[in-house]
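Peer 1: I'd like to ask some things about the structure below.
The values are calculated or read from the model by the stated rules, or taken from the named source; none is laboratory data. This is a predicted model, so every value here is computed, not measured. All Cβ positions, glycine included, derive from the backbone under ideal geometry; neighbour counts span all protein chains shown. Accessible surface areas use protein heavy atoms only, side chains included; no ligands, DNA or RNA. Shrake-Rupley method; radii C 1.70, N 1.55, O 1.52, S 1.80 Å.
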Amino acid sequence: MDEFSVVISDLTDQDPSRNVSSIKNAVIARLEASDQGVRIESTEFFNHTYAPDLVLHWQGDGQSRQVYLRTSDNPDYIREDISAIAGKNPIIMPLVPLRDSAGSGELETASASASTLVATPSSINEFAEVRTDSAVSGLLSHAVLQGGRGLLSEERVRSVSSAVDAGFAAAQLSEPEETRQAVVAAERLLDPARAGVLTRLLHAVWLGSGAPASAFPGATGITADLDPVSLKLLLDITVSDDPEFWRRIASGITLEKLCELEISADSESLQHLIAASVDRLRAKSLRVSGIKNPELSSLALRWFVSAGLLGFESRNYVTHFSPGPVSSMGTVDRPNPIPPHLSLLIHRASSAGINLDEITIESDDGRRIDYRPPSGTEIWRDNVLDQLASVLGQKRSAAVSAVVPLPGGARHLTCDLESLTASGRTAAKFHLSELIQFAIPLLRDLSRVESGQLIEAIGGLED
Amino acid sequence: MPGEAMHQKGADGARRAKLWLDATTRVSSSWTNEDAVHAARLEFKWPHGEEQPYSFDVGGILSGGEFHGHFFVAECKNYASDSDQGMHFDDWVAKCYLTRRDHYRLADHFMWITWHPFRVKAWNTLCTPESVKKGLLLERNRLRVFGTPDESEAESLIDSSLAEDVAGRMWMFVLSEKQERLVITPENRALVFTELMKRGEL
């Protein structure tokens, strides 16, 4: 006898309303255990033919689903209820297992074709029970609550969970048979939209394994591109730590698409994805801010996606990358730094081996000079600069901006030392690796450890 | 009619009564005596005699207006003729009296839901204190309710104000298959519940 059976066998309160509350609370606990993203609203109704007992809501996608609790265990009555509330695609939840009867087969057919899920609290709870550290079990229980259909026994939960788990493992190894079985199990249990999400994920993992798209077993019409929902799911679960896998996944992703999501720095998959695509993903602008995170180890650099921006945090600072112009980073904590002395900027450039072809210098009294060294001059060997600095006044001679010529010669990256941002001309885009390599070391003083982190983040320097 | 078929007909009656009550939109919770999970008691015991159990077929909570939050129990007679309804009715008033006396919180309203009328000539006296007293004073009920075969002793044990109170809480419904269909349409019902949900009143 599980805890839920105990609750419903122990309804001794003289007040039926309190018994109803006990039942509903026990059901809510089970639903929440199987899907952490669900918010549950209880209605004033109970076991009502036409009004739901609970309404499930999901943040973000605005989805909701009605739950009708049932005190009867008669499959024929459940079938009548399906026709009474047809069109709402609800979950009908008998509080105890249904009686065995000739009607069970018909009930399976009727509920599946009416996109109605018939499941007891115990069978829903089975999702929480079978959840291991497998990649997809949480995803499956979420999909079932949102779009499951048909009759769901505890046994079916176990068999579908293991089929989908096995399918994900198989797709990573390009094994068609078990991948196909997962696709079929998902399509039988879920409505087309949710089955599609799972299938696209399997497809992405399949492509990530290096297998050709045409050999993917199951649903046709699946495109190689991951939609934002599938991409989010893939990043929320830990599928693989193989760089090649992530490189293949990344081949279909842009920074714009990635920035539609919200992904916390806890996602290991996001770390893998960015590591595999710093030289592919392109941003228009970057901002360094001074938010410290002393919780982080001094060696950690963690990527996240939030408020339309990709970023990484480390112990002493945060960096945001935007697919849009500098103005798109309005929400980011705005530093108010004093621009560095010219000699400090030169020191930063020299330590990082970054040449500059234009520097704007500001004097003590606010006068500015744009200085361009003769082409080919390494800025840290330019004597004229030293003289300029002394003419402008030793107290400040602040460097307020600097332009970096990028390898290849055609593109220039402007680093603004007043706003700690970097960007190019209006339409110019830069690989994350370029921004990391050429902008961050100019925008702030980096410790040896921090420099090493950046070099590691872009996969080491090529030359 | 064999016992099993009789039982099924009774269960169907309770089920249909529940569906109809829910369709009125004035019931927020309802359950039947056939249910596997009993959210509320529908079964009680006669206090005397062999102390046998008795039960009601449907119970629940009313919603809206003057009945909001009130508890009800209902007896359902899925009958095609008047049959022995009169006899059952006399027992039912005794059950209502006892339930109100001993478990008053569980029953604000007592409903008799039948598919065939009975005692038509005395119809307008069915829900009166006299009718309650008459049921209580039948020989079998004198024994089960008061533990005495003696009519005048039983009569002295009747609480008149309680009988009056119970009579005021009795409802008589005669349903028909067609009446069960003449209820708010599923489309309109959906509008009502959707609106309530929007207003956060569901």
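Peer 1: Quick check on my filter: what residues within region B:113-147 are in contact (Cβ under 8 Å) with a residue 60 or more places away in the chain and in contact with a Leu (Cβ under 8 Å, 6 or more places away or on another chain)?
Peer 2: Listed by number, the residues that qualify are B:Ile113, B:Thr114, B:Trp115, B:Val145, B:Phe146.
Peer 1: Also, I was wondering about something else. Kindly indicate whether A:Val55 is at the interface with chain B (Cβ under 9 Å from one of its Cβ atoms) and in contact with a Phe, Trp or Tyr (Cβ under 6 Å, 6 or more places away or on another chain).
Peer 2: Against the criterion (at the interface with chain B (Cβ under 9 Å from one of its Cβ atoms) and in contact with a Phe, Trp or Tyr (Cβ under 6 Å, 6 or more places away or on another chain)), A:Val55 does not qualify.
Peer 1: Right, something else. Tell me the residue from B:Ala17, B:Ala39 that is touching a helix residue (DSSP H, G or I) at 6+ places or on another chain (Cβ under 7 Å), surrounded by 18 or more Cβ atoms within 10 Å (Cβ to Cβ), among the hydrophobic types (A, V, I, L, M, F, W, C) and closer than 25 Å to B:Leu202 by Cα, please.
Peer 2: B:Ala39
Peer 1: Moving on. What strands (runs of 3 or more DSSP E) lie completely within region B:1-115 and have 3 or more residues being within 14 Å of chain A (Cβ to nearest Cβ)?
Peer 2: B:27-32, B:58-62, B:71-77
Peer 1: A further question on this structure: Please verify whether A:Trp303 is among the aromatic types (Phe, Trp, Tyr), assigned to a strand (DSSP E or B) and closer than 30 Å to A:Ser451 by Cα, treating the condition exactly as stated.
Peer 2: It is true that A:Trp303 is among the aromatic types (Phe, Trp, Tyr), assigned to a strand (DSSP E or B) and closer than 30 Å to A:Ser451 by Cα.
Peer 1: Can you tell me which residue within region A:140-160, out of those that are of a type in the set (S, T, N, Q) and assigned to a helix (DSSP H, G or I), is most open to solvent (accessible area, probe 1.4 Å)?
Peer 2: A:Ser159
Residue by residue, here is whether (1) within 30 Å of A:Thr43 (Cβ to Cβ); (2) outside any helix (DSSP H, G or I); (3) more than 26 Å from the chain's Cα centre (by Cα) holds:
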site: B:Lys133; (1), (2), (3): no, no, no
site: B:Leu136; (1), (2), (3): no, no, no
site: B:Val166; (1), (2), (3): no, no, no
site: B:Trp171; (1), (2), (3): yes, yes, no
site: B:Asn188; (1), (2), (3): yes, no, yes
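Peer 1: For B:Leu191, state whether it is open to solvent by less than 50 Å² (accessible area, probe 1.4 Å), without any contact (Cβ under 8 Å) to a residue 24 or more places away in the chain and either within 14 Å of another protein chain (Cβ to nearest Cβ) or on the phi > 0 side of the Ramachandran plot (or both).
Peer 2: When the stated conditions are applied, B:Leu191 does not pass them.
Peer 1: Could you grab me the full set of residues in region A:275-298 that are loosely packed, with under 14 Cβ neighbours inside 10 Å and in a helix (DSSP H, G or I)?
Peer 2: none
Peer 1: Regarding A:Phe304, is this residue open to solvent by 20 Å² or more (accessible area, probe 1.4 Å), closer than 30 Å to A:Lys232 by Cα and in contact with a strand residue (DSSP E or B) (Cβ under 9 Å, 6 or more places away or on another chain)?
Peer 2: yes
Peer 1: Go through region B:25-36 residue by residue and tally those that are open to solvent by 50 Å² or more (accessible area, probe 1.4 Å) and within 20 Å of B:Met172 (Cβ to Cβ).
Peer 2: The total comes to 1.
Each row is one residue, and each column tells you yes or no for (1) open to solvent by 10 Å² or more (accessible area, probe 1.4 Å); (2) of a type in the set (Lys, Arg); (3) within 12 Å of the chain's Cα centre (by Cα).
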position: B:Gly49; (1), (2), (3): yes, no, no
position: B:Phe56; (1), (2), (3): no, no, yes
position: B:Gly59; (1), (2), (3): no, no, yes
position: B:Gln85; (1), (2), (3): no, no, no
position: B:Trp92; (1), (2), (3): no, no, yes
position: B:Arg101; (1), (2), (3): yes, yes, no
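Peer 1: Please find, within region A:44-66, the residue that is farthest from A:Glu260 (Cα to Cα) out of those that are out of contact with any Leu (no Cβ under 7 Å at 6 or more places or on another chain) and either open to solvent by 30 Å² or more (accessible area, probe 1.4 Å) or of a type in the set (Asp, Glu) (or both).
Peer 2: Among those residues, the one meeting the criterion is A:Gln66.
Peer 1: Checking the condition surrounded by fewer than 24 Cβ atoms within 10 Å (Cβ to Cβ) and outside any strand (DSSP E or B), which residue from A:Ala163, A:Ala186 passes?
Peer 2: A:Ala163
Peer 1: Further question on the same structure: Of all residues in region A:3-38 being open to solvent by 60 Å² or more (accessible area, probe 1.4 Å) and of a type in the set (Asp, Glu), which is nearest to B:Trp31 (Cα to Cα)?
Peer 2: Result: A:Asp10.
Peer 1: Still on this structure, please answer the following. Could you pull out the residue among A:Ile91, A:Ile85 that is touching a residue at least 40 places away in the same chain (Cβ under 8 Å) and in contact with a Phe, Trp or Tyr (Cβ under 9 Å, 6 or more places away or on another chain)?
Peer 2: A:Ile91
Peer 1: What about A:Glu41, is it away from chain B (no Cβ under 14 Å), open to solvent by 10 Å² or more (accessible area, probe 1.4 Å) and among the acidic types (Asp, Glu)?
Peer 2: Here the answer is no, as A:Glu41 does not meet what is asked.
Peer 1: How many residues are surrounded by fewer than 18 Cβ atoms within 10 Å (Cβ to Cβ) and more than 18 Å from A:Gln172 (Cβ to Cβ) when one looks only at region A:254-274?
Peer 2: Qualifying residue count, region A:254-274: 7.
Here's the yes/no breakdown for (1) touching a residue at least 60 places away in the same chain (Cβ under 8 Å); (2) in a loop (DSSP other than H, G, I, E, B); (3) closer than 16 Å to B:Ile61 by Cβ:
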position: A:Val6; (1), (2), (3): no, no, no
position: A:Ser17; (1), (2), (3): no, no, yes
position: A:Ala29; (1), (2), (3): no, no, no
position: A:Gln36; (1), (2), (3): yes, yes, no
position: A:Arg39; (1), (2), (3): no, no, no
position: A:Leu56; (1), (2), (3): yes, no, no
position: A:Tyr77; (1), (2), (3): no, no, no
position: A:Arg99; (1), (2), (3): no, yes, no
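Peer 1: Moving to a separate point now. Identify the residue in region A:75-131 that is open to solvent by 10 Å² or more (accessible area, probe 1.4 Å) and within 29 Å of the chain's Cα centre (by Cα) and, among all such residues, is nearest to A:Val157 (Cα to Cα).
Peer 2: It comes out as A:Glu126.
Peer 1: Taking the options A:Gly167, A:Gly150, name whichever one is free of Cβ contacts under 8 Å to residues at least 40 places away in the same chain, touching a helix residue (DSSP H, G or I) at 6+ places or on another chain (Cβ under 7 Å) and not basic (Lys, Arg).
Peer 2: Going through A:Gly167, A:Gly150 in turn, the sole match is A:Gly167.
Peer 1: Can you tell me how many residues within region A:349-383 are assigned to a helix (DSSP H, G or I), open to solvent by 70 Å² or more (accessible area, probe 1.4 Å) and modelled with pLDDT under 90?
Peer 2: So the answer is 3.
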